[in-house]
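Each reported figure results from applying straightforward, stated rules to the coordinates on display, with no laboratory input. In this text, all values refer to a predicted model and were calculated from it rather than measured experimentally. So basically every Cβ, Gly included, is an ideal-geometry build from the backbone, and we count neighbours across all protein chains shown.
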Amino acid sequence: MKGTTMINFNKAVKLINQNTQTLPIVELPLIESLGFVLAEKIHTKTPIPAFKSSAVDGFAVNLKALKSASENNPVKLKIQGIIQAGDTNKYILKQNFTFKIFTGALVPENTDAIIMKEDVIEEDDYIIVNKVPEKKENIRAIGEEYPQGKLVFDKHTVITPPVISMLAFLGIGKVRVFNKPKVSIIVTGNELKDYQEKVKEGEIRDSNGPFLVTALKALGITPVFVKTIKDDKNLIKDVIQEATGISDIIITAGGVSVGDYDYVKEASAEVGFNEIYWKIAIKPGKPNYFAKNGNKLLFGLPGNPVAVAVAFYMLVRFAIFKMMGVKCVPTKYDSAPLLFALSKKVGRMEFVRGRYINYSDKNVYVEPIMKRESHMIGSIALANCLIHFPQNKSFLPRGSIVDVTNVDWFKIGY
Ligand code: AMP
Ligand code: MG
């Protein structure tokens, strides 16, 4: 895939998939594992729940003692004792007695049901029952959620806070996960100033650097190396060289097109990166370089901030996710009707920035953001989805059903 051949989006995804290896497994303390991806299957070692417990605050009863209790025929039961959650004693309920019991407490032997506190009348050390509960009512049964030895989480599960909750409940203190990639960011451009500096006409503030750093942070990745440099071939080469030693992925922004000062391709080739593709038939972001050096990947993104954001979302994240062991593809879409007609030239697929909206006809539409040139950052900053405008189409009428990628910068996976 050399030279000037322009590939389509699906082909780019395929090439990234073919050239990206999932990273080795590491073992982490449970609390450190948020946002990583399980590299092992998790089975229950006991039934879950492991013991019979009360689902409510109430009273443990034996049905024989209640016979045909009713409003006209109330039954009085003496309180034999109190069982709190955490009490590990094994009590036995005596005939014609009741235990006062709290949510989560171990149910005493000989109990058929727990009557809710609200459904009895408490009098000194007695309760009055005027309704017979169902057998097993308000008792959490052993194994009702999982039997012993049941698969709870498969390999490749993304560890979210509730997954941590379950693993903690199962007593798993350490988990085996796929490592996350070490990522470097190199931003190039003679016109760039730090965002905190004053700019003269002709200069702009670097927005790609802050974007890339925080887009990675949103995935729980702190870049190992971040540098903004001038369009100087030797400097770019030195910096790529330096980053190569410490990274799994290098992301550059700017300097990858056909301009006289676009040195990223040449510089990375001199460091030992081999081109896999250079141009993709997408908009924004036609110049979109992908190269490999051993197992190390380099994504040479264009300079336009919207193109950077779209390429990062649709392509770079895919490589990151694959390294992290996430099973996902960026070629999976939702669909929705389009709120306004769209037009473009044929030849490139356009990822039009859009927003889902609840329209007055009660349907959910996608509304394209109208100011959509690739230097107009507002379009991507306000978008919550990308509308796929197919490569070979020049017009999409209002109401046509379009493919849509949801945009969630914090989501691990698509
Ligand atoms: P390039 O791909 O280097 O030719 O840059 C394309 C366009 O993106 C130019 O208008 C640049 O000024 C702009 N650009 C490049 N890098 C950045 C950056 N880091 N932040 C904001 N805009 C940039
Ligand atoms: Mg440039």
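Overview of values
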item	result
Two-decimal ratio, region 133-231, of alpha-carbon radius of gyration to 2.2 N^0.38 Å	1.96
Highest-MSF residue in the chain out of THR331, THR98, THR188 [GNM, Cα springs under 10 Å]	THR98
Computed [θ] at 222 nm, helices only, for the chain once each DSSP H run of length n ≥ 4 contributes -39500 (n - 2.57)	-5000 deg cm²/dmol
Descending semi-axes in Å of the chain, equivalent ellipsoid built from Cα gyration tensor	61, 26, 18
Gap separating the Cα centres of region 328-397 and region 201-224, nearest whole Å	24 Å
Whole-Å distance, taken between Cα centres, linking region 247-280 and region 166-200	21 Å
Residues GLU109, GLU201, GLU134 arranged by fewest to most Cβ contacts within 10 Å	GLU201, GLU134, GLU109
Sorted by Cβ neighbour density within 10 Å, fewest at the top, the residues TYR263, TYR356	TYR356, TYR263
Proportion of all alpha-carbon pairs of region 53-140 beyond 18 Å (%)	32 percent
Estimated distance in nm for a label pair at ASP408 and TYR356, the labels positioned 7 Å out from Cα along Cα-to-Cβ	0.9 nm
Exposure proxy order (Cβ contacts within 10 Å, fewest to most) of MET370, MET324, MET6, MET349	MET370, MET6, MET349, MET324
Long pairs among LYS237/LYS344; LYS76/LYS135; LYS237/LYS411; LYS45/LYS332, criterion Cα-Cα beyond 28 Å	LYS237/LYS344; LYS237/LYS411; LYS45/LYS332
Two-site label geometry, VAL224 and MET6: point separation in nm, points 7 Å out along Cα→Cβ	3.6 nm
Trypsin sites (Lys or Arg not before Pro) within region 172-217: DSSP coil, no more than 14 neighbouring Cβ in 10 Å	LYS198, LYS200
GNM flexibility winner over the chain from ASN72, ASN179, ASN288 (Cα, springs under 10 Å)	ASN72
